[in-house]
Amino acid sequence: MAEEKKKQLSKKDVVKAFWRWTFFSHANYNYERLEATGLVFSFKHVIKKLYGDDPEAYKACIQRHMQFFNTEPHIGGVIPGIVLAMEEERANGAPITDEAINGVKTGLMGPFAGIGDTLWQGTLTPILLAFGVSIGSKGNLMGPLVYTLLMFGIMFPVAYICWMKGYSLGKEGIEKILGGNQLQMLITGASAMGAIVLGALSAQFVTVQCSAIIKLGALKMNVQETVFDALFKGILPLGFTLLTLYLLKNKKMKATTVMAILIVIGLVGGAIGFLGAK
């Protein structure tokens, strides 16, 4: 019996996926899946090449990558690069589960988004804008042109290197990972990192507080400071975050439905004087 031919991605396949990701990572961007559809589109030809002979595996791969995914697309391009290598090995029979692939995506997307946003939006963009504005403020049309050329001249090479590095590291590291218990450690570590990032983001950006004031004679007691903050600093934001997670994950509700529920809770809480701003 002839040995089954190994499925292998060419450099052209990987580079084509990179350019699709670069220009279409935010295509069909939505608050339910964010960059997931852009990721599936960038992998379109790869999925067909790896799983085109197996309709069920082809469908499963698309569904696998339609899960929520969001990161900074340039520095964070290292993640799709790694996932490409994992899909290639899986298509050739490696015991890589859906949980392993999604665990890598979920665990790494937050940290790389933080790094990428800090470098691009927080550092590089202001510097280049200041440089371009200083030229353009004198009526020189080279100002915006210089900014654009410098931005793309830096952005594309860095994004390409990150993407290709992710693919090569993923491909080279798979055998070592599969050789021991490193795969389970990777999944556990990635999942833990994702949970830590989620907790940090929730503490920073979810702002919910109690505005109720209890009057005891001449004494006024602020419920937020006296009760909630005394019990657990940030207990209300944590509670709303866990409620949202429960409704999305356990109750399988749509994101729009959960948003509507939170809006109703906010309106009712504000109307009765329980929830509100300082």
Test: residue in region 146-164 that is in contact with a Lys or Arg (Cβ under 9 Å, 6 or more places away or on another chain) and either in contact (Cβ under 8 Å) with a residue 40 or more places away in the chain or more than 15 Å from G81 (Cα to Cα) (or both): yes
Looking only at region 126-166, and only at residues there that are under 15 Å from I75 (Cβ atoms) and of a type outside the set (A, V, I, L, M), the one that is surrounded by the fewest Cβ atoms within 10 Å (Cβ to Cβ): P157
Condition check for L84: crowded, with 20+ Cβ neighbours inside 10 Å and modelled with pLDDT of 90 or more: yes
Tally of residues being modelled with pLDDT of 90 or more, surrounded by 11 or more Cβ atoms within 10 Å (Cβ to Cβ) and in contact with a Phe, Trp or Tyr (Cβ under 9 Å, 6 or more places away or on another chain) across region 252-278: 4
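So that you can scan it fast, the table gives a plain yes or no per residue for (1) buried (at least 24 other Cβ atoms within 10 Å of the Cβ); (2) more than 13 Å from K105 (Cα to Cα); (3) out of contact with any Asp or Glu (no Cβ under 6 Å at 6 or more places or on another chain); (4) modelled with pLDDT of 90 or more:
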position: E32; (1), (2), (3), (4): no, yes, yes, no
position: L39; (1), (2), (3), (4): yes, no, yes, yes
position: H45; (1), (2), (3), (4): no, yes, yes, yes
position: Y51; (1), (2), (3), (4): no, yes, yes, no
position: K59; (1), (2), (3), (4): no, yes, yes, yes
position: Q67; (1), (2), (3), (4): no, no, yes, no
position: G76; (1), (2), (3), (4): yes, no, yes, no
position: I79; (1), (2), (3), (4): yes, no, yes, no
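Here is a yes/no grid of residues against (1) part of a helix (DSSP H, G or I); (2) more than 30 Å from N30 (Cα to Cα); (3) touching a helix residue (DSSP H, G or I) at 6+ places or on another chain (Cβ under 9 Å):
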site: T207; (1), (2), (3): no, no, yes
site: K220; (1), (2), (3): no, yes, no
site: Q224; (1), (2), (3): yes, yes, yes
site: V227; (1), (2), (3): yes, yes, no
site: L236; (1), (2), (3): yes, no, yes
site: F240; (1), (2), (3): yes, no, yes
site: K252; (1), (2), (3): no, no, no
site: A260; (1), (2), (3): yes, no, no
site: G269; (1), (2), (3): yes, no, no
Exclusive hit being assigned to a helix (DSSP H, G or I), in contact with a Leu (Cβ under 8 Å, 6 or more places away or on another chain) and of a type in the set (A, V, I, L, M, F, W, C), set L145, L169, L128, L124: L128
Residue among L198, L231 that alone is farther than 30 Å from L34 by Cα and at pLDDT below 85: L231
Neighbours by Cβ (under 6 Å, 6+ apart or cross-chain): first from region 11-28, in the same structural domain as Y160 (by TED's automatic domain parsing); second assigned to a loop (DSSP other than H, G, I, E, B) and acidic (D, E): S25/E35
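The values are calculated or read from the model by the stated rules, or taken from the named source; none is laboratory data. On a predicted model such as this, the values are computed, not experimentally measured, just so you know. Glycine gets a Cβ as well: all are built from the backbone with ideal geometry, and neighbour counts include every protein chain shown.
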